[in-house]
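Below is one structure, written out as structure tokens; comments come after it.
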Protein chains: 2
Amino acid sequence: MNEIKVFCPATIANVSCGFDVLGLALETVGDEMLIRKVDKPGIHITKVDGQELPLETNKNVAGVAGLALLEKSNYHGGFEIEIYKKIKPGSGIGSSAASSTGAVWGMNELLNNPFSKLELVKFAMQGEKLASNVAHADNVAPAIYGGFTLARSYNPLDIVPIPTPNALFATVIHPQIEVKTSDSRKILKTTISLENGIKQWGNLGGLVAGLFREDYELIGRSLEDHIIEPLRSILIPGFHQVKSAAIENGALGCGISGSGPSIFALSKGEENAQRVALNIAKVYDEIGVDYEVHISKISASGVKQLK
Amino acid sequence: MNEIKVFCPATIANVSCGFDVLGLALETVGDEMLIRKVDKPGIHITKVDGQELPLETNKNVAGVAGLALLEKSNYHGGFEIEIYKKIKPGSGIGSSAASSTGAVWGMNELLNNPFSKLELVKFAMQGEKLASNVAHADNVAPAIYGGFTLARSYNPLDIVPIPTPNALFATVIHPQIEVKTSDSRKILKTTISLENGIKQWGNLGGLVAGLFREDYELIGRSLEDHIIEPLRSILIPGFHQVKSAAIENGALGCGISGSGPSIFALSKGEENAQRVALNIAKVYDEIGVDYEVHISKISASGVKQLK
């Protein structure tokens with residue numbers, strides 16, 4: 001195999017109670033990439049479709065992630081990459097992670113899988129570092145492993161895949177406003193109250209248990225965030241109305257996707273996810289903010305080959 | 001059935017990364033109680049063996065927990081309770097919780113189980129309130145449900161039972177020193193760093209996943225506490241030497257049991273738990289501190305009837 005077409009999933013990081021550790025991959029929202037083995041050494045981004053992104057290897061997250069892999073491999077050729085962006089950068093659903101992940105996963109396939117999933121996460125994290133100055137794993141890990149993943153520790157990196165109940169769907173609404181990741185980091189405080197910390201780890205434990213048990217009610221009860229959401233939601237117009245509309249229409253929970261501005265809701269079943277989509281869209285219709293809505297099953301597989 | 005003999009398990013609260021939310025029950029360490037239905041209304045503590053504890057109903061945790069149950073029941077008679085204490089008060093392995101739990105569980109059995117486990121936890125929490133001014137659930141919940149339990153939320157109370165791998169054993173060493181619960185509370189700070197918070201909820205999620213998966217290595221990696229242990233361990237002489245000895249001898253993890261002074265270690269298998277016991281005991285032999293050591297399987301059932 002000299003060429004592979006790759007689906008690179010959008011991802012939701014944090015997932016309410018899992019700030020900086022939890023993430024999940026979507027099944028039907030994501031980018032596409034074409035990756036080709038070539039003789040010329042190095043990574044060559046030959047096309048970016050759908051977004052204005054740099055073609056220079058060391059300025060493109062797919063390029064940087066790919067170089068990290070190449071450096072550890074004993075392959076002496078190179079790769080051409082075409083990127084078909086469908087996820088908007090800055091939307092909060094892992095646009096850079098999708099590109100980094102797609103590149104390293106596809107290259108690994110073409111090299112007959114010399115690297116483990118954990119190693120691929122480490123390579124893709126280099127793309128995240130380029131995008132936001134921080135080598136986060138909470139988007140790239142679910143993109144590579146699929147389903148929910150927990151980044152238990154960074155030093156050493158420890159990724160724990162968490163099973164995903166089959167009827168779990170996400171609705172994502174992306175208000176067309178810009179929230180800079182740097183601003184959404186700056187608004188956070190470096191200390192939190194012990195009281196809120198206890199609530200957070202209680203909820204995280206409850207969410208993990210709910211996912212293992214396929215207990216949708218427990219999942220719903222655990223989707224609370226007393227620490228980050230009260231601060232970051234200030235930057236997202238209409239957040240509280242959207243959240244209320246989601247919950248009133250049967251969503252298990254609702255929160256900020258990554259560092260925003262996208263808002264996600266989780267539902268049991270596609271029908272409910274659609275009902276939630278319809279009703280949260282109304283909120284932005286009324287406020288007069290443009291938006292995009294996505295509905296997707298949670299992906300069990302993450303990044304994958306497209307036929 | 002007019003009389004029941006009850007085994008009331010000792011419990012380990014917090015379990016490193018689960019401060020104020022996690023607890024586990026021991027299988028072979030605990031008190032015994034004899035509970036008898038009598039015509040005379042109210043709770044009558046007729047005997048306390050093994051410790052000096054008040055017989056007055058409203059000064060005894062078993063009495064107070066029992067009264068909370070009686071108040072919600074439509075039984076018009078009363079109960080006599082004999083308590084055979086084997087767990088030392090102030091040891092940090094849930095002495096008061098054992099008495100509160102045994103009382104309400106035994107009474108519920110004699111009344112043909114009108115109350116759910118969750119309701120029994122609420123009654124038993126009234127005993128905890130008498131003992132330490134705070135109605136904690138992290139000892140009484142595992143005592144009632146067995147295994148590991150997560151107190152996800154207090155308002156409303158939400159207890160999540162977590163499965164317990166079959167080969168999990170605890171070693172507990174109780175240095176014979178007094179650490180007042182009020183002092184071990186006072187030494188805590190009301191704020192924590194966000195950075196340590198993230199580590200804590202990452203570990204709690206990892207521990208819950210490890211227990212579901214029976215992944216002993218993941219359980220071990222997750223048994224870390226960057227928040228409470230560094231503060232409270234100051235109050236426990238030899239803590240760091242004991243912890244090092246436990247880990248060096250193969251324990252999965254080691255930390256403070258409840259608010260101390262007992263120290264617990266978890267092991268895969270009884271043989272390792274015994275080896276850990278032998279080696280942590282040596283530490284206190286050398287320091288010259290008296291101690292008691294317990295080795296027990298984690299209990300799957302919690303409080304139970306003795307034949």
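Close amide-amide hydrogen proximity is noted between A:Asp158 and A:Arg152, A:Ser153, each under 5 Å apart and 5 or more residues distant or on a separate chain (H modeled in the peptide plane; Pro and chain starts excluded). Applying 1/(1 + (r/R0)^6) with R0 = 41 Å to the Cβ-Cβ distance of B:Glu109 and A:Glu109 gives a FRET efficiency near 0.10. For chain A, the 222 nm mean residue ellipticity estimated from helices alone, with every DSSP H stretch of n ≥ 4 adding -39500 (n - 2.57) and the total spread over all residues, rounds to -11500 deg cm²/dmol. Each residue of region A:209-221 was assigned a 3J(HN,Hα) from its phi angle through the Karplus curve 6.51 cos²θ - 1.76 cosθ + 1.60 (θ = phi - 60°); the sequence is 4, x, 5, 5, 7, 6, 9, 5, 5, 5, 4, x, 5 Hz, with glycine and proline shown as x. Bridging of B:Lys268 to lysines at a Cα separation below 25 Å is possible for B:Lys199, B:Lys243, B:Lys282, B:Lys297, B:Lys304, once same-chain residues fewer than 8 apart are set aside. Residues whose amide H falls under 5 Å from that of A:Val48, counting only those 5 or more places apart or on a different chain, are A:Ile83, with hydrogens built in the peptide plane.
Placing a label point 7 Å from the Cα of A:Glu195 along the Cα-to-Cβ direction, the residues of region B:86-130 with a backbone N closer than 20 Å are B:129. When A:Asp215 is represented by a point 7 angstrom out along its Cα-to-C-beta vector, the spacings to that point in the other copies are 2.0 nm, nearest first. Here the scattering of region B:168-297 is modelled by Debye summation over its C-alpha atoms, one equal scatterer each and no solvent; at q = 0.14, 0.20 Å⁻¹ the log10 of I(q)/I(0) is -0.63, -1.18.
Loop-located GluC sites (Glu not before Pro) across region A:36-74 with a Cβ neighbour count of 15 or fewer within 10 Å are A:Glu52, A:Glu56, with loop assigned by DSSP. If r is the Cβ-Cβ distance from A:Arg185 to A:Lys47 and R0 is 35 Å, what FRET efficiency results, to the nearest 0.05? The calculated FRET efficiency here is 0.65.
Here region B:109-127 is scanned for amide nitrogen atoms under 18 Å from the site 7 Å beyond the Cα of B:Lys59 along Cα-to-Cβ, giving B:127.
Amide H contacts under 5 Å for B:Ala10: B:Leu26, B:Val29, B:Gly30, B:Asp31, restricted to partners 5 or more places along the chain or on a different chain, H placed in the peptide plane at 1.01 Å from N. Backbone phi angles across region B:35-49, fed through the Karplus curve with coefficients 6.51, -1.76 and 1.60 (θ = phi - 60°), yield HN-Hα couplings of 10, 9, 6, 9, 5, 5, x, x, 10, 10, 7, 9, 7, 10, 10 Hz in residue order; Gly and Pro are listed as x. Bridgeable lysines around B:Lys59 (alpha carbons under 17 Å apart, same-chain partners fewer than 8 residues away excluded): B:Lys47, B:Lys85, B:Lys129. Three semi-axes describe the equivalent ellipsoid of the protein assembly as shown; taken as square roots of 5 times the Cα gyration tensor eigenvalues and ordered largest first, they are 50, 28, 19 Å.
In nanometres and ascending order, the distances from the A:Tyr154 label point to those of the other copies are 3.2 (point 7 Å from Cα along Cα→Cβ). Averaged over peptide B:151-162, how many Cβ atoms belonging to another chain are found within 10 Å of each residue's Cβ? The per-residue average across the peptide is 5. For region B:90-97, putting each phi into the Karplus relation 6.51 cos²θ - 1.76 cosθ + 1.60 with θ = phi - 60° gives couplings of x, 7, x, 10, x, 4, 5, 4 Hz, in residue order, rounded to whole numbers and with x for Gly and Pro.
Coordinate-derived values only; no laboratory data. As the structure is a computational prediction, the values presented were derived from the model and not from experiment. Reconstructed Cβ throughout: ideal geometry from the backbone, glycine too, with neighbour counts over all protein chains shown.
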